[in-house]
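Accompanying notes for the structure given below.
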Amino acid sequence: MVDALARAIDWLIERQAPDGWWTGELESNVTMTAEHVLMLRFLGVDLAPIRDGAIKHILAEQRSDGSWAQYFDGAADLSTTIESYVALKVLGADPESDAMTRARSLILRLGGLVNARVFTKIWLALFGKYPWDGVPSLPPEIVFFPSWMPFNLYDFSCWARGTIAPLTLVITRRPVRELGVEIDELVVDGTQASMHRVAGRGFFAWVDRALKWYDRLPWQPFRTRAMQATVKWIVERQEADGSWGGIQPPWVYSLMALNNEGFALDHPVMRKGLAGVEIFKIHDERGWRFQACMSPVWDTAWALRALAAAGFRRDHPVMQRAVAWILREQIAADQPGDWQVRCAAVPNGGWAFEFDNDIYPDIDDTAVVVLSLLEGGDRDTVAEAVDRGACWTLAMRSSNGAWGAFDRDNTSELVYKIPFADFGALTDPPSEDVTAHVLEMMGALGYDESNEYVASGLRYLRETQRPNGSWFGRWGVNYVYGTWCVISALYALRTGDDMVARGADWLERVQNHDGGWGETCHSYVDESFAGVGPSTASQTAWAVIAMQLAGRGKGNAAQRGLHYLRATQRADGTWDEPYFTGTGFPGYFYINYHLYRHLFPLMALAMDSTPDALAFALPTEQEEYLTPS
């Protein structure tokens with residue numbers, strides 16, 4: 001086991017950037033590349049530089065039935081397949097090839113364009129291949145809605161509002177640009193009339209019809225001002241790296257919306273946005289692809305924690321470089337952000353997910369970064385940053401006593417009534433895993449149940465434990481992830497033994513015969529699949545760590561899990577993991593973090609092999625870094 005740990009440590013250290021950070025590929029489905037192709041076509045940008053690489057990547061992800069899926073080994077997804085097919089045709093793929101023929105056949109078998117999700121219909125409407133009448137309306141006037149009014153922009157999650165704002169411009173203007181190919185073959189005969197209607201009934205269907213009637217009026221009070229205000233809102237939120245929110249959906253729609261509003265490609269905002277693609281793209285033997293986002297802060301924090309668990313001293317150069325980089329990434333106290341709409345009276349102290357998306361610090365990253373600094377950094381060096389980060393995190397608590405990812409009390413249910421509700425996660429409510437990370441941070445800072453923030457979070461976790469003993473995982477797949485997160489928090493707080501026991505019992509019940517653990521993204525659709533799936537390195541490690549923290553590290557289940565990790569480790573020290581164990585939007589978008597397969601197995605092996613490794617999760621001193629208010 002020590003050899004396995006040593007190989008894993010060597011592999012990780014070799015991949016640290018000179019500046020101190022780590023990051024792995026953030027793999028998602030092929031729509032990221034397909035939509036990038038369509039965006040470039042909309043903007044009139046030459047596709048030649050990416051043509052061959054993008055074709056190679058998209059075709060490599062196609063399955064034998066002709067489909068593309070939302071995640072590895074997932075069900076055939078109609079919208080993903082449509083977007084992939086259209087992008088391939090735009091790129092010049094032979095429409096009569098076997099790959100295109102199989103894709104076309106599957107699309108028709110699943111009902112064709114009329115059954116696609118709303119966002120796929122918007123992509124096709126931009127090129128006149130789907131009628132704008134069949135796309136739900138979004139009035140730009142919502143930019144004027146105050147934060148207390150239903151359907152204001154801040155009722156939506158940060159990723160949704162960043163996408164919806166530019167879409168209000170696009171949908172209002174209804175642009176049609178040249179696609180360069182025909183896709184009539186994807187329309188099932190007899191569905192043409194249905195394509196002109198927005199699906200849905202009831203009040204919100206009536207509202208959509210009223211908005212479409214209003215759009216046709218010759219006089220529209222406030223429309224011009226609303227369009228101008230929305231453009232200003234978008235431009236103000238462009239990040240330093242050229243993106244919007246550091247993620248693909250707001251990015252591509254913002255570029256297209258601004259271009260349609262008259263921003264030429266040589267406009268500074270457009271130049272910056274298009275140049276940022278160079279950071280997010282990957283072009284290698286697997287082809288050309290676009291990452292939905294990047295995760296250097298998250299990856300580096302977990303790498304620090306894993307090495308701390310392996311016994312690395314705080315003064316080790318690897319640790320010092322990582323800590324120094326993380327400290328530089330903390331967002332300035334006066335940096336504004338949308339989070340201030342509902343949490344104005346606290347200085348910024350958070351960290352964001354990526355290199356430069358400082359407008360959107362997130363609670364999950366900040367809590368884990370604080371933990372990594374406590375475990376891997378010199379106390380005097382990190383104290384101020386820890387204090388600022390923890391104070392900001394606690395201030396972001398929602399009214400139910402728990403924490404979401406980016407905003408406080410972002411819980412509106414009304415937004416799911418609009419026809420855009422198939423977008424995925426439109427809100428950012430508190431979740432078990434984020435709350436657990438915050439409580440784990442509080443435990444590491446020396447707080448216990450007598451603290452108001454700890455007490456409210458513990459009540460939430462007790463209320464959300466499933467009858468089978470597991471917890472839901474919002475940002476990782478899924479119940480294995482959530483259960484590990486919560487057990488880690490309860491261990492750090494030295495409380496909740498009954499909850500820990502039920503969670504560990506559930507993990508033992510769902511262990512696979514090969515000794516590992518696995519769970520597919522399908523558990524978000526059907527909870528009966530919780531803990532069900534082929535074994536993976538990351539999920540096995542989460543379960544093993546949970547067992548170790550629950551006091552069962554030497555038991556049969558944990559030892560079988562460790563044996564699985566050792567047996568499946570590659571000769572170079574890392575693990576293979578094609579399965580997606582990260583989550584973007586449940587039911588819509590999933591992620592394969594390429595460092596998950598390495599960081600968490602390393603941590604599990606370290607906690608089994610290194611003397612007193614479990615102590616890394618607890619404070620060495622009961623020193624209070626902050627005074628919560």
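If I take R0 = 41 Å and measure r between the Cβ atoms of Lys417 and Glu178 in this structure, what FRET efficiency does the formula 1/(1 + (r/R0)^6) give, to the nearest 0.05?
Computed FRET efficiency for Lys417 and Glu178 comes out at 0.70.
As I understand it, the dipole of the chain uses +1 on the Cβ of Lys and Arg and -1 on the Cβ of Asp and Glu, about the Cα centre. Which of Leu59, Ala4, Pro166 lies farthest toward its positive end?
Value: Pro166.
Among Gln330, Ala501, Phe280, whose Cα lies farthest out toward the positive end of the dipole of the chain, if unit charges sit on the beta carbon of Lys, Arg (+1) and Asp, Glu (-1)?
Result: Phe280, furthest along the dipole toward the positive end.
Pairing the Cα long axis of helix 296-309 with the longest principal axis of the chain, what angle in degrees results, from 0 to 90 and rounded to the nearest 10?
Roughly 20 degrees between the two axes.
Sticking with the crude label model, points 7 Å out along Cα→Cβ, report the distance from His267 to Arg63 in nm, one decimal please.
According to this spin-label approximation, the distance is 4.1 nm.
Working from Cα positions, state the angle (0 to 90°, nearest 10) between the long axis of helix 432-444 and the longest principal axis of the chain.
The two axes meet at around 30 degrees.
Which pairs break 28 Å Cα to Cα here: Lys232/Lys272; Lys281/Lys417; Lys56/Lys232; Lys89/Lys212; Lys89/Lys121; Lys89/Lys232?
Result: Lys281/Lys417; Lys56/Lys232; Lys89/Lys212; Lys89/Lys232 exceed 28 Å.
Please list the non-local residues whose amide H lies under 5 Å from the amide H of Gly584, H modeled 1.01 Å from N, same-chain partners needing a gap of 5 or more.
Phe589, Tyr590, Ile591
For the stretch 141-189, which GluC sites (Glu not before Pro) pass both filters: DSSP loop (anything but H, G, I, E, B) and at most 10 other C-beta atoms within 10 Å?
Glu178, Glu182
Pop a pseudo-label 7 angstrom from the Cα along the beta-carbon direction at both Arg216 and Arg109 and give the gap in nm to one decimal.
According to this spin-label approximation, the distance is 4.0 nm.
Given R₀ = 35 Å, what would the calculated FRET efficiency be for Arg223 paired with Thr464, taking r from the Cβ atoms and rounding to 0.05?
0.20
Loop-only check: which GluC sites (Glu not before Pro) in the stretch 13-99 are DSSP coil with at most 14 other Cβ within 10 angstrom?
Those satisfying the criteria are Glu96.
To the nearest 20 Debye, how big is the dipole of the stretch 471-530 about its Cα centre, given +1 on the beta carbon of each Lys and Arg and -1 on that of each Asp and Glu?
It comes to approximately 220 debye.
Roughly how big is the stretch 304-436's charge dipole about its Cα centre, with Cβ charges of +1 (Lys, Arg) and -1 (Asp, Glu), in debye to the nearest 20?
The calculated dipole for the stretch 304-436 is roughly 340 debye.
For the stretch 235-367, what class follows from the C-alpha gyration tensor (a ≥ b ≥ c being the square roots of its eigenvalues): rounded when a/c is under 1.5, otherwise prolate if a/b is larger than b/c, else oblate?
In terms of gyration-tensor shape, oblate.
Which of Phe353, Met39, Tyr593 sits farthest toward the positive end of the charge dipole of the chain, with +1 on the Cβ of Lys and Arg and -1 on the Cβ of Asp and Glu?
Met39
What is the magnitude of the charge dipole of the chain about its Cα centre, with +1 placed on the Cβ of each Lys and Arg, -1 on the Cβ of each Asp and Glu, and no other charges, expressed in debye to the nearest 20?
In debye, rounded to 20, the chain gives about 1540.
How do 348-360, 186-198, 475-487, 65-77 rank on mean C-beta neighbours within 10 Å, highest first?
Descending packing order for the listed peptides: 475-487, 348-360, 65-77, 186-198.
Using only the Cα atoms of the chain, build the gyration tensor, take square roots of its eigenvalues as a ≥ b ≥ c, and label the shape rounded, prolate or oblate: rounded if a/c is under 1.5, else prolate if a/b is larger than b/c, else oblate.
Since a/c reaches 1.5 and a/b is larger than b/c, the shape of the chain is classed as prolate.
Given the Cα-Cα distance of Arg328 and Asp505 and 0.36 nm per residue of separation, how much length would full extension add, in nm?
Roughly 59.6 nm would be gained on extension.
Ranked highest first by average number of other Cβ atoms within 10 Å, how do 223-234, 536-547 line up?
Highest-to-lowest ranking by the protection proxy: 536-547, 223-234.
Can you tell me the length gained on complete extension of the stretch Thr101 to Ala567, counting 0.36 nm per residue apart and subtracting the Cα distance?
My answer for the length gained is 163.6 nm.
Step through the residues of the stretch 251-256 one at a time and calculate ³J(HN,Hα) from phi using the Karplus curve (6.51 cos²θ - 1.76 cosθ + 1.60, θ = phi - 60°), rounding each to whole Hz and writing x for Gly and Pro.
5, 5, 5, 5, 4, 5
I'd like the Karplus ³J(HN,Hα) series for the stretch 56-64: coefficients 6.51, -1.76, 1.60, θ = phi - 60°, whole numbers in Hz, and an x wherever there's a Gly or Pro.
Result, ordered by residue: 4, 5, 5, 5, 5, 8, 6, 9, 5 Hz.
Going by Cα centres, the stretch 223-254 and the stretch 256-321 are how many Å apart?
What the calculation gives is 19 Å, centre to centre.
Read the figures in this text as sums done on the coordinates, not as results from a lab. Not measured: the values here are computed from a predicted model. Note that each Cβ is placed from the backbone with ideal geometry, even for glycine, and that neighbours are counted across all protein chains shown.
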